[in-house]
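J.: The structure under discussion is supplied below as structure tokens; questions concerning it will follow.
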2 protein chains.
Amino acid sequence: MATDAATEAYDDLTERYERLTNIGDAAGILSWDQEVMMPEGGTPARAGQLSALSAVSHDLLTDEEVGEALDALEAGDLSGDEAAVVREVKRQYDRATKVPTELVEEISKTTSEALPIWKEARSENDFSKFAPVIEDLIDLKREYAHHIDPDRPVYEVLFEDYEPYLGLDTAERILDRLREELVPLIDDVRESDVELATPFSGTFDADTQEALSRDALDTLGYDWDRGRLDVAPHPFSMGTPFDARVTTRYDEEDMLGALTSTIHEFGHATYTLGLPDDEYGTPLGENRNLTVHESQSRLWENHVARSQPFWSHFVPTVKDRFSGLDGVTPRAAYEAANTVHEDNLIRVEADELTYHMHIVLRFEIERELIEGDFDVAEIPRVWNDKMDEYLGVRPDTDAEGCLQDIHWSHGSFGYFPTYSLGSVLSAQLYASADSAIDDLDGAIESGNFDPLHDWLTENVHRHGKRYTTPDLIEEATGKPFSADDFLDYATTKYGALYER
Amino acid sequence: MATDAATEAYDDLTERYERLTNIGDAAGILSWDQEVMMPEGGTPARAGQLSALSAVSHDLLTDEEVGEALDALEAGDLSGDEAAVVREVKRQYDRATKVPTELVEEISKTTSEALPIWKEARSENDFSKFAPVIEDLIDLKREYAHHIDPDRPVYEVLFEDYEPYLGLDTAERILDRLREELVPLIDDVRESDVELATPFSGTFDADTQEALSRDALDTLGYDWDRGRLDVAPHPFSMGTPFDARVTTRYDEEDMLGALTSTIHEFGHATYTLGLPDDEYGTPLGENRNLTVHESQSRLWENHVARSQPFWSHFVPTVKDRFSGLDGVTPRAAYEAANTVHEDNLIRVEADELTYHMHIVLRFEIERELIEGDFDVAEIPRVWNDKMDEYLGVRPDTDAEGCLQDIHWSHGSFGYFPTYSLGSVLSAQLYASADSAIDDLDGAIESGNFDPLHDWLTENVHRHGKRYTTPDLIEEATGKPFSADDFLDYATTKYGALYER
């Protein structure tokens, strides 16, 4: 940096940002505790604690001295890393200063109240209970987006809270292409006479499933000195490069579901653990938002744990844990892990193909809702019609339909598209890793996941927020973000499985 | 309140204090997590998170607007409760504004680093590794006390961080009296020919011990909707009226030790759970510092769980959990729970008599250290000499001697006396409860702990910080704080046990 003043401004900025990071990560622990450990009675105090941390963070971020430091630095000479730090802090500062504190607090309060209402509505299968809350949240989020940029469509602005750099146009282009190319592929699969193997029917006790999830994490190389595995009703991963935890849930009728969930969250955790710990507290030590995060979870869930080489390696472990599976072949396990089911109602249980139709549906609904194209009361009908259109099934209940996801109760409109974008990106990254690594399939089949970890750390994790999302993708894969690799992969894999 | 301005100042003050409470309780969860759940690798990030919360709290508390609100209120007309709130916030504000932020941060950093060094020194049984850290911490704490009040002895000022209102002179008076009267009583016990029963020798597996600890908490009336039981290497209790958690540890050779530890921490938790939840976020919803807190843990540990009526009720439960105890009588269990052991080296394993000599020893050592009467390097020798003098035993190792407690690694000089003060107070409170409650022994023998809970909530818990410590004691027991009840109790109980 050119001047002492610039150095001072930069140090001031990074010191403030480190405190913000620490407070944000403290809130992460509180949320983990709330989902995993907290007794029921703790809710009122926990809401107060989280809201205090959020208010303190907002105050720290919007301090005018942050703005002054940013102004001083933007005018000056910065190295590439410094410029990246300034770009990322400025982006957050600009968003935070534009939104009035009262609105932030009202959104936080409304979402806190929304969660139990959503839970009740879902358990009573009564969307009408949840509808007024969605209406309130949509109003608040419209107001929020308007403060950030009154000249752009609300949904576009909201989407950038979750994926700041790819742009909604890219999301639309990718999702449109998925819809166009996957619908006929899914139709072919449905019409296929092939019956895939079902080696894992029956009941699998939860404790042994937990042991198997731990085996899977051992196998894939989870660092237990920097993590834990626990149960949560809605599995998630949370943490820092020093402590990135995995949660999962066990369904005694669905052993593969728990395993898949564990490995998905493991993928998130490996990203967090692969971030450069010497940059902890700066944007360079932070994940590159949701698209890239989801690319890591989906890469391990789909490209690794739904592959033939993985099951060649892992079937013996499953047999060690559960009796009665002597005849199960790796091929049968592979087929079971990739079956496209008929009663495909629940997003988190979907296969790699139909998953995207669940997302397309949510994306279309939430965008139209935000734009005021239809009323909240219409959500169940629109949802069910689209399920019929895209997946050929119609939910009998709202609990299995439009009440299945937690996201809207968080006020997270614009979040869903990052799931598909992340999955698509995982295919692009995996194709690059596969080209770069000598016999990746062979390594996985022999239980050696180091080359893949190393490639991902080197090309994705270690950069933190150094690059914008499109630049990171180009740096890692040598080409712009596209659905090509995913569609190639999906067409080949499912074509072979279902003898298309 | 007299004026709108005063009302506004009061509202401003309590709003700020609520945020401080929330942030402090968030830090409490982070500490609980660190001790109970966090993987080893998480330490660096956790230290940063806790230090950020502590810095933010310090900034919020020392904001000049807090001072202005306090000034405005002190001049005005306040109700009793309002005056108590102002008194307590002002006390904290005065202390916090006198100490420079840099010193607070240095103390926090040094204690963070001290903990692993203490652990290492203890596991390697090498006091010389820990000595430089104690020296640094003593220097820092001297400086800290000097900022708060340069005209008073350092130790007196430090003591008031843990017990703000009783005064070091009271602590000295009580401890002197304990030393004078307990040493001859302990001598008599040692010389007695009585051999108390040892019904719980052998090995008790940890899982069943955990089940028994849960039985004990059920029996005593722990509210599981607002708590949990977990394992921690150094048991503690932590929380809010909405979520007050208990930790314990299991030693397979010492079943009574774990049970006692569980019940001790339960006592702390009942205090927290008995605080008025509608005052949460104000000093009226907070515990009255360490003496009163310890009185609650010691009351349940000693006056309840080391009593004959308790064992009459609880022995059948122990027999249900562990086989081979058919012949154990309540009397034998009572004797086992009250045995004065010869090899009395560890404070937390001590009986009710010798416990205080462990405290007297620490009190004398830390006060003389702080006053510069001897060098840190001399601690092991001084410790061992005093053990010999007061308890007739000499530790073979520092791990069993001056390295056994965590407190000095926290920089907590002045904390230990509150343990004895709390125990002494528990006797005074229990004597009052026993007078007020019709047949308390009978209630306990029949497993009915409600009258005792009710008396404690009514006379102690519900007041939070409404009264100063001496006033609270007078309100609850009708007389000033003294060692009379404890010495009566101890003399009678141990005289009978050992046929003095």
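Throughout, read-outs are computed from the coordinates displayed, never taken from laboratory work. All figures in this text were calculated on a predicted structure; none of them were measured in a lab. Cβ placement follows ideal geometry from the backbone for every residue including glycine, while neighbour counts extend to all protein chains displayed.
J.: Enter the mean number of other protein chain beta carbons within 10 Å of the beta carbon of each residue in A:241-250, as an integer.
T.: 3
J.: Which of the peptides A:460-466, A:485-491, B:490-496 is most tightly packed, and how do the rest follow, going by the mean number of other Cβ atoms within 10 Å of each residue?
T.: A:460-466, A:485-491, B:490-496
J.: What whole-number distance in Å separates the alpha-carbon centres of the range B:183-221 and the range A:147-166?
T.: For the range B:183-221 versus the range A:147-166, the Cα centre distance is 65 Å.
J.: So, R0 is 30 Å and r is the distance between the beta-carbons of B:D207 and A:T203; what FRET efficiency does that work out to, to 0.05? Before the final figure, lay out each step's value.
T.: Numbers: r = 25 Å, r/R0 = 0.84.
Between B:D207 and A:T203 the formula returns 0.75.
J.: Need the C-alpha centroid separation for the range A:461-500 versus the range A:69-89, integer Å.
T.: Their Cα centres are 30 Å away from one another.
J.: Among rounded, prolate and oblate, which fits the range A:171-281 when a ≥ b ≥ c are the square roots of the eigenvalues of its C-alpha gyration tensor, a/c under 1.5 means rounded, and a/b larger than b/c means prolate?
T.: oblate
J.: If you don't mind, there's one more thing I want to ask. For the peptides B:4-14, A:321-331, B:258-268, what is the packing order when you average, over each peptide's residues, the other Cβ atoms within 10 Å and list the highest mean first?
T.: Values: B:4-14: 16.2, A:321-331: 13.5, B:258-268: 25.7.
The most tightly packed comes first, giving B:258-268, B:4-14, A:321-331.
J.: So in chain B, what percent of DSSP beta bridges are antiparallel if you round to the nearest 5?
T.: 60 percent
J.: Treating the range B:1-116 as a set of equal point scatterers at the Cα positions, no solvent, please give the Debye-formula log₁₀ I(q)/I(0) at q = 0.11 Å⁻¹.
T.: So the normalised log intensities are -0.45.
J.: Quick one: which residues, 5 or more positions from A:V231 or on another chain, have an amide H under 5 Å from its amide H? H modelled 1.01 Å from N in the peptide plane, none for Pro or chain starts.
T.: Amide H to amide H, under 5 Å and 5 or more residues apart or across chains, A:V231 pairs with A:T248.
J.: Report the FRET efficiency, 1/(1 + (r/R0)^6), for A:D438 and A:D218, where r is their Cβ-Cβ distance and R0 is 22 Å, rounded to 0.05.
T.: The pair A:D438/A:D218 has a calculated efficiency of 0.35.
J.: For a test of the definition: using alpha carbon positions, the gyration tensor, and the 1.5 limit on a/c, classify the range B:169-497 as rounded, prolate or oblate.
T.: Rounded, since a/c falls under 1.5.
J.: Could you rank the peptides A:419-427, A:364-372 by their average count of other C-beta atoms within 10 Å per residue, with the highest value first?
T.: A:419-427, A:364-372
J.: Right, next: If you take each beta carbon of peptide B:15-23 and count the beta carbons of other chains within 10 angstrom, what is the mean?
T.: On the way: counts 0, 0, 0, 2, 7, 1, 4, 11, 8.
Taking the mean over all residues of the peptide, I get 4.
J.: Given R₀ = 22 Å, what would the calculated FRET efficiency be for B:R190 paired with B:D396, taking r from the Cβ atoms and rounding to 0.05?
T.: Between B:R190 and B:D396 the formula returns 0.65.
J.: Another question about this same structure. Give the distance, in whole Å, between the Cα centre of the range A:356-427 and the Cα centre of the range B:433-448.
T.: After rounding, the separation between the Cα centres reads 61 Å.
J.: Next up: Report the GluC sites (Glu not before Pro) located in the range B:37-70 that are in a DSSP loop and have at most 12 other Cβ atoms inside 10 Å of their Cβ, or state none. List each step's numbers first, then the result.
T.: On the way: sites: B:E40, B:E64, B:E65, B:E68; in loops: none.
Sites meeting the loop and neighbour criteria: none at all.
J.: Next question, about the same structure. Add +1 for every Lys or Arg and -1 for every Asp or Glu among the other residues with Cβ under 15 Å from the Cβ of A:E445, and state the total. Could you put the intermediate results ahead of the total?
T.: On the way: positive: A:R306, A:R331; negative: A:D434, A:D438, A:D439, A:D441, A:D450.
Neighbour charge sum, excluding A:E445 itself: -3.
J.: Moving on to the next point. In whole Hz and in residue order, list the ³J(HN,Hα) couplings for the range B:130-137 that follow from phi through the Karplus curve 6.51 cos²θ - 1.76 cosθ + 1.60, θ = phi - 60°; x for Gly and Pro.
T.: With the stated coefficients, the range B:130-137 comes to 8, 3, x, 5, 4, 4, 4, 5 Hz.
J.: Using a label position 7 Å from Cα in the Cα→Cβ direction, what is the ascending list of nm distances from B:K119 to the same site in the other copies?
T.: Counterpart label points of B:K119 in the remaining copies fall at 3.3 nm.
J.: Which loop GluC sites (Glu not before Pro) in the range A:416-500, with loop taken from DSSP, have no more than 16 other Cβ atoms within 10 angstrom of their Cβ?
T.: Counting only loop positions with at most 16 other Cβ atoms within 10 Å, the GluC sites (Glu not before Pro) in the range A:416-500 are A:E499.
J.: Could you list, in their original order, any pairs among B:K109/B:K129; A:K109/A:K141; A:K90/A:K479; A:K98/A:K119; A:K98/A:K129 whose Cα atoms are separated by more than 21 Å? Kindly include the intermediate steps, with their values, before the conclusion.
T.: Numbers: B:K109/B:K129 18 Å; A:K109/A:K141 13 Å; A:K90/A:K479 28 Å; A:K98/A:K119 32 Å; A:K98/A:K129 32 Å.
Exceeds cut-off: A:K90/A:K479; A:K98/A:K119; A:K98/A:K129.
J.: Excluding B:G167 itself, what net charge comes from residues whose Cβ is under 10 Å from its Cβ, given Lys and Arg +1 and Asp and Glu -1?
T.: On the way: positive: B:R173; negative: B:E156, B:E160, B:E163, B:D169, B:E172.
Net charge around B:G167: -4.
J.: Could I ask something else about it? Give the dimensionless ratio obtained when the Cα radius of gyration of the protein assembly as shown is divided by 2.2 N^0.38 Å.
T.: My calculation over the Cα atoms of the protein assembly as shown gives 1.04.
J.: At A:D454, with labels set 7 Å past Cα in the Cβ direction, how many nm apart are the copies from this one, shortest first?
T.: Distances to the matching label points in the other copies: 7.2 nm.
J.: With the label 7 angstrom out along Cα to Cβ, how close does B:E181 come to the same site in each of the other copies, in nm, nearest first?
T.: 8.7
J.: Roughly what % antiparallel, to the nearest 5, for the DSSP beta bridges in the protein assembly as shown?
T.: Beta bridges within the protein assembly as shown, antiparallel portion: roughly 60 percent.
J.: Let me ask another. Compute the Kirkwood hydrodynamic radius of the range A:33-101, taking the inverse of the mean of 1/r over all pairs of distinct Cα atoms, and give it in Å to one decimal.
T.: Evaluated on the range A:33-101, it is 14.3 Å.
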